[in-house]
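Below: the structure, in structure tokens.
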Amino acid sequence: MQNEQTSEFGSAPGNGGPVGEAAQKARGVVADAKNAAGQAVEGLKARAASAAAERKGTAAETLGTVAGALRGAAQDLQQGEVTALGTYADSAAEQLDKVAGYLREKDLKGLTRDAETFARRHPEVFLGGAFLAGILAARFIKSSRPQPSATGGSGYDAGIATEPFNPPHFEPAGDR
């Protein structure tokens with residue numbers, strides 16, 4: 001009896017031969033595929049992080065601009081007859097400046113970590129905010145879709161009649 005088992009092709013597993021070579025090629029192909037997939041995922045992660053950082057910067061700039069405009073309005077209000085409203089507007093502008101600064105300072109991982117921490121500590125506020133954000137997003141999407149034209153050529157209700165319905169007029173049956 002032999003000490004070494006042989007495959008049906010006459011060679012021991014792992015000692016070369018047709019089966020060993022095919023297995024080795026398959027392992028190489030699998031390793032190459034894993035490597036390529038890993039590189040693709042890393043590339044996608046890098047692009048997503050770059051896009052998120054760009055959006056974060058844009059949001060910070062926008063908030064800073066809104067804060068500046070609100071501060072200008074607050075000064076106008078404080079010079080007029082409604083100083084209390086001007087004080088509130090100035091306070092809101094300060095808070096917007098703080099949020100804009102926070103967005104500029106934090107990286108994406110820090111923002112995610114802070115959001116998770118806030119959601120764990122105050123789930124009701126977080127869910128309420130998510131609900132309101134969903135409502136605002138729905139209203140934005142609804143208002144930005146194309147409106148049907150006067151000819152009825154576009155929109156979801158293009159086939160609906162706009163004329164009032166006039167039923168046919170029937171004469172009452174008379175004496176026959």
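Here's the yes/no breakdown for (1) under 29 Å from Lys109 (Cβ atoms); (2) modelled with pLDDT of 90 or more:
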site: Val41; (1), (2): yes, yes
site: Lys45; (1), (2): yes, no
site: Glu54; (1), (2): yes, yes
site: Gln79; (1), (2): no, no
site: Thr83; (1), (2): no, no
Q: Mind telling me which of the residues Gly38, Gly68, Gly57 ends up being outside the structural domain of Leu111 (by TED's automatic domain parsing), free of Cβ contacts under 8 Å to residues at least 12 places away in the same chain and out of contact with any Ser or Thr (no Cβ under 7 Å at 6 or more places or on another chain)?
A: Gly38
Q: Answer yes or no as to whether Ala74 is buried (at least 16 other Cβ atoms within 10 Å of the Cβ) and touching a Lys or Arg at 6+ places or on another chain (Cβ under 9 Å).
A: no
Q) Scanning the stretch 102-134 for residues that are within 15 Å of Ala59 (Cα to Cα) and surrounded by fewer than 14 Cβ atoms within 10 Å (Cβ to Cβ), which turns out modelled with the highest pLDDT? A) Glu105
Q: Go through the residues of the stretch 100-114 one by one and say whether even a single one is farther than 26 Å from Ala46 by Cα and polar (S, T, N, Q).
A: no
Q: Could you grab the pairs with beta carbons closer than 6 Å, sequence gap of 6+ or different chains, first residue in the stretch 77-105 and in the same structural domain as Thr65 (by TED's automatic domain parsing), second one among the polar types (S, T, N, Q) and part of a helix (DSSP H, G or I)?
A: Gly86/Gln78
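The values are calculated or read from the model by the stated rules, or taken from the named source; none is laboratory data. Just so it is clear, the model here is predicted, and its values are computed rather than measured. Cβ coordinates were reconstructed from backbone atoms using ideal geometry, including for glycine residues, and neighbour counts include every protein chain displayed.
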